[in-house]
1. Residues in the range 59-89, backbone N under 20 Å from the label point at residue 114 (7 Å along the Cα-to-beta-carbon vector): list them, ranges by number please.
2. Can you sort 105, 162 from fewest to most other Cβ atoms within 10 Å of each residue's own Cβ?
3. Given 25 °C and 0.890 mPa s, how large is the Stokes-Einstein diffusion coefficient of the range 1-55 in µm²/s, with Rh as the Kirkwood radius over Cα pairs?
4. Based on the mean of other beta carbon atoms within 10 Å per residue, what is the order of 60-67, 42-49, most packed first?
5. Classify the range 49-121: rounded, prolate or oblate, from the alpha-carbon gyration tensor (a ≥ b ≥ c, eigenvalue square roots; a/c under 1.5 rounded; otherwise prolate if a/b is larger than b/c)?
6. If we count other beta carbons within 10 Å of each Cβ, what is the order of 173, 182, fewest first?
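Just so it is clear, none of the values below were taken in a lab; they were calculated from the coordinates. Note that the structure is predicted; figures quoted are calculated from it, not measured. In this analysis, Cβ positions are derived from the backbone assuming ideal geometry, glycine residues included, and neighbour counts consider all displayed protein chains.
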């Protein structure tokens, strides 16, 4: 089932607000407009949540070099543009494409995009020939999809482990209460 055919929910990391259900196009537009943080989560059933960058169709593939040892992201190229337009990022800011490892000086990338928009023959073939963002490398795309799928599987397994742990924690609490009620003594402390 493609993401476009599902209704989606967005869970904001900062205040736990949930938006939705909404169309995938709306979710993608919010990601492009820098309204979806790398820490936000998305779900198509309002129960199983994954971090927004883990959904490949959102194209949150870009890392911004904030300092030499600190990165922001992953986020969308549209969000990077938004930060640039409002003055949060400078021309000399380095941005990295997490899918293919390429690195760009933000000012150069913006200039290239403006030139392509003005050129009458700008198209995906030209981008592919230049290796610019927007080009598709089937080998790398396949690796990325495989990695994204593996990450989803691991997150789902972790979620199941957390559910099992919570259930055991609940059972331990009930047993401790039962022990205290029957013996009048404090229950043994659970080992960590």
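1. Under 20 Å, as judged by backbone N against the label point of residue 114, lie 77-89 of the range 59-89.
2. With the fewest neighbours first, 105, 162 line up as 162, 105.
3. 225 µm²/s
4. 60-67, 42-49
5. On the way: a/c = 1.87, a/b = 1.31, b/c = 1.43.
Oblate shape, in that a/c is at least 1.5 and b/c is the bigger or equal ratio.
6. 182, 173
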